[in-house]
Amino acid sequence: MVQIVERPTWARWERRELMGLPIDLVTRDQVLDAVPELVATKRSHHLVALNPIKVMRAQDESELRAGIRDAALVYPDAVGISWAVRMLHRQKIPVLPGCELMLDLFRVAARERYRLYLVGAKPEVLASVEQKIAKEHPGIEIVGSHHGYFDDADREAIAAQIVSAKPHMLFVAMGANRQETFVRAVEKAGGVPLMMTVGGSFDAYVGAVKRPPRWILKLHLEWFYRLVKQPFRAPRMIALPKFACRVLRLRYAPSADR
């Protein structure tokens, strides 16, 4: 059974459901074209990347699941999501790597003269991110930043500081669940027009973590590259075959909830 879940009224694309989570059938150009409209509404819009590991975690973690379901835009950050949508809904959807989409949004911010706030990563990495943005995009004003190594008890105070700075865009680079929880705190404090959770993209942007070669990305083998470079990821990679098996079971059980 193909499910169509509610999507924001401004969205010019379709939305489907994948294992209880929304997924938007959106292209890169559609996202970028929508940004000025989202910012102009002055309401909070959260952009979330979806990958198989996050899907499987969300099955057991209610906070993460709620953060994804409440997002304004949930885009496919991995080929596994594109494959699952094709298998379950028989629709093609392009992969939108989160790091690349973040860089696209930096360019939009420079063009539109948006104010940015950055949260996440180590202090030295965050400082490098600010320096690189200032060098590459002088049209951007960074109105504040905070590293990601703060106690949960400080979450609400930091969220209030962000809202008072009145940025147009907020980028949050922390781990899954923690970054979604933080965005919900910002929304509760008053919100930011466009908020994007970007995981480890700050580290990749400044070279603290090396990005895969282009040919690896074209073959959709970034997960394997990360595993080789960072063996500690092995336990979380177990989610990948589990995800594939779950998709196949749903594919051949038409009456199942997809």
Could you tell me whether any residue of the range 147-159 is modelled with pLDDT of 95 or more and touching an Asp or Glu at 6+ places or on another chain (Cβ under 8 Å)?
-> no
In the range 80-106, what count of residues is obtained for those that are among the hydrophobic types (A, V, I, L, M, F, W, C) and touching a Pro at 6+ places or on another chain (Cβ under 8 Å)?
-> 6
Given (1) over 21 Å from Lys166 (Cα atoms); (2) at pLDDT 95 or above; (3) hydrophobic (A, V, I, L, M, F, W, C); (4) in a helix (DSSP H, G or I), Leu64 misses just (2)
Which condition number in (1) in contact (Cβ under 8 Å) with a residue 60 or more places away in the chain; (2) crowded, with 20+ Cβ neighbours inside 10 Å is the one that Met56 fails?
-> (2)
Consider Ile68 against the criteria (1) under 27 Å from Ile140 (Cβ atoms); (2) in contact (Cβ under 8 Å) with a residue 40 or more places away in the chain: it satisfies all of them except one. Which criterion is unmet?
-> (1)
Of all residues in the range 38-53 being of a type in the set (S, T, N, Q) and in a loop (DSSP other than H, G, I, E, B), which is farthest from Met169 (Cα to Cα)?
-> Asn51
Any chance you could count how many residues in the range 171-185 are among the basic types (Lys, Arg) and free of Cβ contacts under 8 Å to residues at least 40 places away in the same chain?
-> 1
Scan the range 31-53 and give yes if some residue there is buried (at least 20 other Cβ atoms within 10 Å of the Cβ) and over 30 Å from Glu136 (Cα atoms), otherwise no.
-> yes
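Residue-wise test of (1) farther than 18 Å from Asp29 by Cβ; (2) part of a helix (DSSP H, G or I).
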| residue | (1), (2) |
| --- | --- |
| Gly80 | yes, yes |
| Leu96 | no, no |
| Asp104 | no, yes |
| Tyr117 | yes, no |
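The values are calculated or read from the model by the stated rules, or taken from the named source; none is laboratory data. Keep in mind that what you see is a predicted model, and the values were worked out from it rather than measured. Glycine gets a Cβ as well: all are built from the backbone with ideal geometry, and neighbour counts include every protein chain shown.
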